[in-house]
Amino acid sequence: MTPKNSEIGLEDRITGALVGAAVGDALGGPVEGYSPDQILERHAGRVHGIVGPWNGDAWRTARPIAPYHKGDGHITDDTLMTHALIRVYDRVRDHLDAYAIADHLVPDLMTNPRWIPELEAAALPLQRIFLAEKWLVTRLHYGHVDPREAGVGNIVNCGAAMYMAPVGLVNAANPRAAYAEALDVAGAHQSSYGREAAGVFAAAVAAAATPGATPDSVVTTCLSLAKDGTRTAIEQVCEVATRHTDFESALLPLRKAVAPYDTVGPDYRAPSLGARRPSRLHAIEELPIALAMLLVAAGDYRRAVLGAVNYGRDCDSIATMAGALAGALGSPVPDDWSKTVSEASRLDLWEPAATLTAVTREVFERDVTHRRTHEAAFADLGGPRCSD
């Protein structure tokens, strides 16, 4: 019997979120960049699990994907970056800020070879990550830019948001704190609505990790914190999602709802001239759609992730986010999926979760000590109002 949401403990929620994110990433990778109709035609139906590369054995040379082996259960850069951020938490063992990214994440990307499933080789993570993530190295290592401002000038995309689940988990059940910490961390990487999405996604994960949380409560939390176009996009897209109970009927209405806020445009592989530029009116596409799929699926992991995968476009990142949220809510990740992804990617998907759980408990204990010290000092100041 599946335990009730309120009975699921911290370790299980962190494990569900991180394993769920990695599995979603792996499922979405092989169909990233395509439309629902293209996915339907290529696979003679919807994707219902792990599939092979779009171009089959020609993945090494087929453009525009080459030289990446997307498919067969391989995780992508979303999970590589998520695990890298967990290693920073493991080293710092406290809340993070933009300086922690400069001091620890950037050197890790530059100097520590790791198995890269999409390259089928050991390589520096820097050799795999997208140009928007290479920006971290360019600005922080070579440019010596103030870490809190390094994200300014980068293209605005989901690059920072896609790996912010650990920030939400370290701040489990405290969405406002997750939002603030993620905004600081993401300042080294992104600006504008890309940075905002990172903060809101972290808050969403923290909200999902709250006992008794539901998809509706997660979205409500996001709306209470999100600003500008990000808030409006979430509101509009999630309102559409409430009219659907299966992802098939929701695919086109959700894309139509998010289109006014998405700067990439209708052709994902040929972005518009205004794509990925700072704006208070726009939002990244991935976060509102992930939240919408969570609503459509009523929090069920399998349904939320498959909805995200079959949506296409940047579906590995959408499925990463949807998977993290559903997993944090306590919906179980299918064992056959997680086992296949772990083996195919040559990654222990559960070890990072155990590491982050231990760090989260340490951070919480330190936070309680700080709070009690502050309470005592405030009381000595005569700060608390005395009741008659």
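Just a few scattered comments:
- Summed over segment 255-276, residues that are out of contact with any Leu (no Cβ under 8 Å at 6 or more places or on another chain) and more than 26 Å from Ile65 (Cα to Cα) total 3.
- Here Gly16 meets each of (1) in a helix (DSSP H, G or I); (2) open to solvent by 60 Å² or more (accessible area, probe 1.4 Å); (3) more than 25 Å from Gln190 (Cβ to Cβ) with one exception, condition (2).
- Residues of segment 183-197 satisfying the condition of being open to solvent by 10 Å² or more (accessible area, probe 1.4 Å) and of a type in the set (Ser, Thr, Tyr): Ser191, Ser192
- Complete set of residues in segment 335-354 that are surrounded by 16 or more Cβ atoms within 10 Å (Cβ to Cβ) and over 18 Å from the mean Cα position of the chain (by Cα): Trp337, Thr340, Ser342, Ala344, Ser345, Leu347
- Criterion applied to Val156, Val200 was being in contact with a His (Cβ under 9 Å, 6 or more places away or on another chain) and either in contact (Cβ under 8 Å) with a residue 60 or more places away in the chain or open to solvent by less than 10 Å² (accessible area, probe 1.4 Å) (or both), and the one residue passing it is Val156.
- The residue list Asp57, Asp108, Asp78, Asp97 contains one member that is charged (D, E, K, R) and surrounded by 21 or more Cβ atoms within 10 Å (Cβ to Cβ), which is Asp78.
- Hits in segment 172-182 - residues which are open to solvent by 40 Å² or more (accessible area, probe 1.4 Å) and either touching a strand residue (DSSP E or B) at 6+ places or on another chain (Cβ under 8 Å) or not in a loop (DSSP other than H, G, I, E, B) (or both): Arg176, Ala180
- On inspection, Thr340 fails the criterion of being part of a helix (DSSP H, G or I), among the hydroxyl-bearing types (Ser, Thr, Tyr) and under 29 Å from Val92 (Cα atoms).
- Answer residue from segment 83-94, given it is open to solvent by 10 Å² or more (accessible area, probe 1.4 Å) and under 17 Å from the mean Cα position of the chain (by Cα) and is nearest to His141 (Cα to Cα) among those: Arg87
- Qualifying residue in segment 141-164 (condition: among the aromatic types (Phe, Trp, Tyr) and more than 11 Å from Ala202 (Cα to Cα)): yes
- The criterion of being under 23 Å from Gln38 (Cβ atoms) and buried (at least 24 other Cβ atoms within 10 Å of the Cβ) holds for Ala304.
- Restricted to segment 355-382, and to residues there that are open to solvent by less than 30 Å² (accessible area, probe 1.4 Å) and either hydrophobic (A, V, I, L, M, F, W, C) or not in a helix (DSSP H, G or I) (or both), the residue that is nearest to Ala84 (Cα to Cα) is Leu356.
- Picking from residues in segment 203-257 that are of a type in the set (Asp, Glu) and closer than 20 Å to Tyr179 by Cα, the one that is most open to solvent (accessible area, probe 1.4 Å) is Asp216.
- Hits in segment 203-223 (condition: in contact (Cβ under 8 Å) with a residue 40 or more places away in the chain and among the hydroxyl-bearing types (Ser, Thr, Tyr)): Thr214, Thr221
- Any hit, segment 131-150, residues being closer than 16 Å to Ala198 by Cα and in contact with a Ser or Thr (Cβ under 6 Å, 6 or more places away or on another chain): no
- The requirement of being closer than 27 Å to Gly52 by Cα, buried (at least 24 other Cβ atoms within 10 Å of the Cβ) and not β-branched (Val, Ile, Thr) is fulfilled somewhere in segment 265-286, by at least one residue.
- Against the criterion of being under 19 Å from Tyr163 (Cβ atoms), outside any helix (DSSP H, G or I) and among the charged types (D, E, K, R), Arg313 qualifies.
- Filtered by the rule that a residue be under 21 Å from Glu7 (Cα atoms) and open to solvent by 10 Å² or more (accessible area, probe 1.4 Å), segment 312-334 gives Leu329, Gly330, Ser331, Pro332, Val333, Pro334.
- Residue selected from segment 287-301 under the condition of a type in the set (Gly, Ala, Ser) and surrounded by fewer than 24 Cβ atoms within 10 Å (Cβ to Cβ), by the criterion farthest from the chain's Cα centre (by Cα): Ala298
- Considering Arg128, Arg148, the condition of being open to solvent by 50 Å² or more (accessible area, probe 1.4 Å), under 30 Å from Ala208 (Cβ atoms) and basic (Lys, Arg) is satisfied by Arg148 alone.
The values are calculated or read from the model by the stated rules, or taken from the named source; none is laboratory data. Small disclaimer: the values here were computed from a predicted structure and weren't measured. Neighbour counts run over all protein chains shown; Cβ positions are idealised from the backbone, glycine included. Keep in mind that these areas ignore ligands, DNA and RNA; they rest on the heavy atoms of the full protein, side chains included. Shrake-Rupley method; radii C 1.70, N 1.55, O 1.52, S 1.80 Å.
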